[in-house]
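One structure is given here, and the rest of the page talks about it.
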């Protein structure tokens, strides 16, 4: 049953032909418990057409419609003729600001605002009919935790059907978040950069995977209000977490941060073009040096592409140059995160974290070992034995048939011994040459199938000091 709302609460756009204001009861719920508000502006009948020319996407840094990219999406989907139906999905409120703008654009047949306030609303039959009949779905700003509650519902499949038929999808602020492959869902509260860098496993850093994966946009995690709210640090933490937690398909994650008033239009071929002030793509392409609960983040060489108005980024064929490098050490990021000198030489492969690594304390046990598995090899590790009981652990992954060879140059201030350990901590081999400054070397091979984690341990035997040892790890 449909109950009409008071029409004076609806703001009409100048070009709206007809308006229907309805309250919809979710399936199995009486009208008195209705959850969904539906406002249709424009033509009452949907467009009927056999094929469309998308998909097309808009990724907005704040909640409002950016007419430049919305016009691009409309044009791309229409393919130069006809008009489209748009649905705006919101999680709260009763007004229609997005449709008020959209109905005034060329090529629009109708715009319907659906305000869903419960997880069960994702299975509402009228909601899903509206979405499936549309050619573009826009997720409004608000609370992305409400949006991820629709994962696995009919709504998820309905939105995917719009993209599959050559339509499009977009969103702003929370709606921008929900359109990435990995969603920062904020269900544990909103994280700041300071919180995320100090502890990338803080309770405010929660994620949802497997809701939407748009063509050419895999392994991404979006962020919004980017420069205005200083969110580069937290996006770095999001990227490091995505890699560490195995949420990506290839051990790499791309953060996409869009500033307020900016929007990325992404065409069917994966080419993104920026309208507005700025956007950033942040690539993490190796395992974090330190990303553990309760410990500050350490991650070297994030690759960052800065886009300004009119510039492009190809998500289908992701670039290997044009980035600048920034790092985080013990929770402290490099200076000037939002600018840098880009690498312009595309003829050589980009560094995957570099060939040098400085130990990060605490790393005095296997559980707190510095993970250097994702680094390029040969890798030179430096550190020191600050006390006579100091032990430094480094985790390394070995595949079947690989040999790990470690050679350590020990300073004259102390005597240190080298151990290579199995994943369970058993000693596989060791080097215990006597005397301060005596160098150590050892190697081990993996003969079993698959890969496993091994540990390099350097242990103080006598003496101590701040002079660095230097261990070269080769595979």
- Within segment 338-412, strands (runs of 3 or more DSSP E) holding 1 or more residues that are surrounded by 14 or more Cβ atoms within 10 Å (Cβ to Cβ), modelled with pLDDT of 90 or more and on the phi > 0 side of the Ramachandran plot: none
- Message: So, in segment 320-333, how many residues would count as being over 22 Å from residue 377 (Cα atoms) and either at pLDDT below 90 or exposed (fewer than 15 other Cβ atoms within 10 Å of the Cβ) (or both)?
- Response: 2
- Query: Which of the residues spanning segment 222-245 are assigned to a loop (DSSP other than H, G, I, E, B) and either out of contact with any strand residue (DSSP E or B) (no Cβ under 9 Å at 6 or more places or on another chain) or modelled with pLDDT of 95 or more (or both)?
  - Reply: 224, 225, 226, 227, 228, 229, 230, 231
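So that you can scan it fast, the table gives a plain yes or no per residue for (1) assigned by TED's automatic domain parsing to the domain that holds residue 277; (2) closer than 30 Å to residue 215 by Cβ; (3) at pLDDT below 95; (4) not in a loop (DSSP other than H, G, I, E, B):
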position: 13; (1), (2), (3), (4): yes, no, yes, no
position: 16; (1), (2), (3), (4): yes, no, yes, no
position: 40; (1), (2), (3), (4): yes, yes, no, yes
position: 64; (1), (2), (3), (4): yes, yes, yes, no
position: 93; (1), (2), (3), (4): yes, no, yes, no
- Query: Can you name the condition, by its number, that residue 465 falls short on among (1) exposed (fewer than 14 other Cβ atoms within 10 Å of the Cβ); (2) in contact (Cβ under 8 Å) with a residue 60 or more places away in the chain; (3) in a loop (DSSP other than H, G, I, E, B)?
  - Reply: (1)
- Query: Here is a list of conditions, (1) at pLDDT below 95; (2) crowded, with 17+ Cβ neighbours inside 10 Å; (3) over 19 Å from residue 356 (Cα atoms), and residue 449 meets all of them except one; can you say which number that is?
  - Reply: (2)
- Query: Failed condition for residue 202, given (1) touching a strand residue (DSSP E or B) at 6+ places or on another chain (Cβ under 8 Å); (2) crowded, with 18+ Cβ neighbours inside 10 Å, with all others met?
  - Reply: (1)
- Query: Looking at segment 66-91, which of its residues are at pLDDT 95 or above, within 27 Å of residue 117 (Cα to Cα) and assigned to a loop (DSSP other than H, G, I, E, B)?
  - Reply: 66
- Task: Mind listing whichever residues of segment 241-273 are over 24 Å from residue 71 (Cβ atoms) and in contact with a helix residue (DSSP H, G or I) (Cβ under 9 Å, 6 or more places away or on another chain)?
- Result: 241, 247, 248, 251, 252, 253, 254, 255
- Task: State all residues of segment 246-278 that are part of a loop (DSSP other than H, G, I, E, B), free of Cβ contacts under 8 Å to residues at least 60 places away in the same chain and over 13 Å from the mean Cα position of the chain (by Cα); if no residue qualifies, say none.
- Result: 250, 269, 270, 277
- Query: Got a number for residues in segment 95-123 being assigned to a strand (DSSP E or B) and under 16 Å from residue 141 (Cβ atoms)?
  - Reply: 3
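The values are calculated or read from the model by the stated rules, or taken from the named source; none is laboratory data. Nothing here was measured: the structure is a model prediction, and the numbers come from that model. Note: ideal-geometry Cβ built from the backbone for every residue, glycine included; neighbour counts use all protein chains shown.
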